[in-house]
Amino acid sequence: MKIVVIGGGLGGLSAALHLLKAGFDVQVYEQAARITEIGAGIQISPNASRLLIRLGLKPAMDRVGVFPQFVHQRRWDDGRTLQRAPIGKQVEETFGAPYYHFHRADLAGVMADALPPERVHVGHRLVGLEQKGGRAVARFENGASAEAELLVGADGIHSRVRHLTFGPEKPRFTGCVAWRGLVPAERIRHLGIEVASHNWMGPDGHVVHYWVAAQRFVNVVCVTERGTWTSESWTDKGSVAEALARYEGWHPSVRALIGSFPETFIWALHDRAELPRWTEGCVTLLGDACHPMLPFMAQGAAQSIEDGATLAALLAALPDDLPIALKRYEALRKPRATRLQQASSANRVRFHLHDGPEQQARDAALATSGDRSIANIGWLYMHDASQAA
Ligand SMILES: Cc1cc2nc3c(=O)[nH]c(=O)nc-3n(C[C@H](O)[C@H](O)[C@H](O)COP(=O)(O)OP(=O)(O)OC[C@H]3O[C@@H](n4cnc5c(N)ncnc54)[C@H](O)[C@@H]3O)c2cc1C
């Protein structure tokens with residue numbers, strides 16, 4: 001079966017690698033001039049890393065990845081530990097795959113390098129799409145076209161495939177705005193930041209940071225409610241002074257990290273309403289194109305990686321029945337992705353509570369069992385997207 005994947009992000013790359021491994025004739029079309037990822041950090045939990053490892057990528061991933069030992073949830077002002085849950089050896093032993101932190105470009109590079117170059121077509125921006133006699137025809141801005149028995153839209157939250165297949169619908173601004181920065185290790189050595197995923201929770205905002213790029217940088221993302229910035233570009237420059245002013249009164253370590261940004265980028269966080277279905281004829285969607293989510297479960301990319309694995313396994317099992325394979329794909333993937341969209345939105349409320357009774361109840365829950373305990377996170381980390389198919 002000839003399959004066209006639109007979009008060479010982490011979701012599109014996962015789909016292409018899994019489909020290729022299953023024996024399909026896959027071509028990837030990406031609008032950018034090269035395959036890379038803008039932005040800095042990405043956390044990849046065992047549910048996604050086991051799939052990438054199975055594709056043979058572990059040696060390359062180990063070279064560029066960082067292995068965090070804990071998820072450390074802290075109070076915004078005094079830095080008190082609310083929960084310190086393991087995601088190191090214990091998680092790897094329990095779930096059979098490690099938790100990684102990457103620089104996004106490193107992970108995209110590892111995945112893209114595993115694809116034969118003749119299967120990746122950069123500089124191809126999809127502008128048109130039609131279905132004729134059980135085939136999809138994609139048209140690109142540069143005048144090229146491609147035909148396939150299956151077209152997979154992996155083209156992100158502003159998906160053109162989604163627009164052309166299901167009609168126009170704009171992503172919604174959530175009201176959350178984020179500053180991000182990448183701090184070189186030598187600037188913050190005195191802070192003694194442990195190799196962990198740190199989450200500082202406070203009124204109307206939270207700050208996440210972790211080491212990336214073999215511990216040469218700390219990736220920092222500062223999220224605030226009621227932002228007025230609505231542009232979603234990953235490359236809009238922000239102001240370090242403005243970010244510092246927003247986190248006035250927060251713990252000195254948080255402020256020191258922000259103050260060490262060589263530069264900062266600002267962007268507005270968007271999401272979309274749940275899409276009733278992902279497939280129309282021989283066109284289907286995956287990743288942010290069909291289930292964008294707030295990043296507060298660190299699962300958007302992981303879910304897009306899972307989508308590709310499940311899709312490929314189902315197509316391999318049902319090569320002569322595309323409609324049934326796509327139906328099962330949606331039936332398997334949609335409830336899990338929707339659950340994570342909802343959990344991400346719920347974390348927005350939990351992470352941003354003002355000090356008071358609700359915050360005290362949250363902190364008490366974190367202190368006793370907590371949402372990151374091995375037992376509570378099993379449903380997420382244990383899932384094997386290929387075998388589920
Ligand atoms: C601040 C932040 C932190 C996050 N942290 C995490 C995390 O720690 N862990 C995690 O799992 N997820 C995280 N996410 C979510 C994650 O970034 C996304 O869910 C993931 O990148 C989606 O991958 P995708 O391949 O579906 O889409 P994208 O990454 O958006 O890729 C889409 C690709 O399609 C291309 N494209 C678009 N339109 C066209 C077109 N018309 N023609 C051809 N190509 C096109 C784009 O250039 C792009 O390369 C985070 C998100 C944010 C905003």
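The values are calculated or read from the model by the stated rules, or taken from the named source; none is laboratory data. Note that the coordinates shown come from a computational prediction; the quantities given were computed from them, not determined experimentally. With ideal geometry, Cβ positions are generated from the backbone for all residues, glycine too; neighbour counts draw on all protein chains shown.
Does residue 338 meet the test of being within 28 Å of residue 148 (Cβ to Cβ), among the β-branched types (Val, Ile, Thr) and assigned to a strand (DSSP E or B)?
no
All but one of (1) of a type in the set (S, T, N, Q); (2) more than 14 Å from the ligand (Cβ to nearest atom); (3) crowded, with 23+ Cβ neighbours inside 10 Å hold for residue 228; which doesn't?
Only one criterion in (1) of a type in the set (S, T, N, Q); (2) more than 14 Å from the ligand (Cβ to nearest atom); (3) crowded, with 23+ Cβ neighbours inside 10 Å is unmet by residue 228, namely (3).
Among the residues in segment 310-323, are any within 19 Å of residue 379 (Cα to Cα), outside any loop (DSSP other than H, G, I, E, B) and in contact (Cβ under 8 Å) with a residue 12 or more places away in the chain?
Yes, segment 310-323 has at least one match.
If the requirement is being within 20 Å of residue 291 (Cβ to Cβ), modelled with pLDDT of 95 or more and basic (Lys, Arg), which of these qualifies: 172, 162, 187?
162
Inside segment 332-389, can you point out the residues that are at pLDDT below 90 and of a type in the set (Asp, Glu)?
The answer is 371, and nothing else.
For residue 273, work out the one condition from (1) in contact with a Lys or Arg (Cβ under 8 Å, 6 or more places away or on another chain); (2) away from the ligand (no atom under 14 Å from the Cβ); (3) in a helix (DSSP H, G or I) it doesn't fulfil.
Of (1) in contact with a Lys or Arg (Cβ under 8 Å, 6 or more places away or on another chain); (2) away from the ligand (no atom under 14 Å from the Cβ); (3) in a helix (DSSP H, G or I), only one is false for residue 273: (3).
Does segment 35-52 contain at least one residue that is buried (at least 24 other Cβ atoms within 10 Å of the Cβ), over 16 Å from the mean Cα position of the chain (by Cα) and more than 23 Å from residue 235 (Cα to Cα)?
Within segment 35-52, none of the residues are buried (at least 24 other Cβ atoms within 10 Å of the Cβ), over 16 Å from the mean Cα position of the chain (by Cα) and more than 23 Å from residue 235 (Cα to Cα).
Within segment 56-75, how many residues are more than 16 Å from the ligand (Cβ to nearest atom) and either crowded, with 22+ Cβ neighbours inside 10 Å or of a type in the set (D, E, K, R) (or both)? Outline the logic, then answer.
Step one: list which residues in segment 56-75 are more than 16 Å from the ligand (Cβ to nearest atom), which gives 56, 58-60, 62-63, 69, 74-75.
From what's left, either crowded, with 22+ Cβ neighbours inside 10 Å or of a type in the set (D, E, K, R) (or both): 58, 62-63, 74-75.
The qualifying residues number 5.
Hey, any hits in segment 272-288 for a residue that's surrounded by fewer than 22 Cβ atoms within 10 Å (Cβ to Cβ), among the hydrophobic types (A, V, I, L, M, F, W, C) and touching a Cys at 6+ places or on another chain (Cβ under 7 Å)?
yes
Output the residues belonging to segment 297-307 that are touching a helix residue (DSSP H, G or I) at 6+ places or on another chain (Cβ under 7 Å) and either within 9 Å of the ligand (Cβ to nearest atom) or modelled with pLDDT under 95 (or both).
Scanning segment 297-307 gives 297, 299, 300, 301, 302, 303, 304, 305, 307.
Would you call residue 28 closer than 24 Å to residue 313 by Cα and part of a strand (DSSP E or B)? Talk me through it step by step, then tell me what you get.
Working: closer than 24 Å to residue 313 by Cα: yes; part of a strand (DSSP E or B): yes.
Answer is yes for this residue.
Given (1) without any contact (Cβ under 8 Å) to a residue 12 or more places away in the chain; (2) within 16 Å of the ligand (Cβ to nearest atom); (3) acidic (Asp, Glu), where does residue 248 come up short, assuming only one miss?
Just one mismatch for residue 248, condition (2).
Of the numbered conditions (1) over 30 Å from residue 352 (Cβ atoms); (2) more than 9 Å from the ligand (Cβ to nearest atom); (3) surrounded by 15 or more Cβ atoms within 10 Å (Cβ to Cβ); (4) not acidic (Asp, Glu), residue 140 fails exactly one; give the number of that condition.
It is condition (2) that residue 140 fails.
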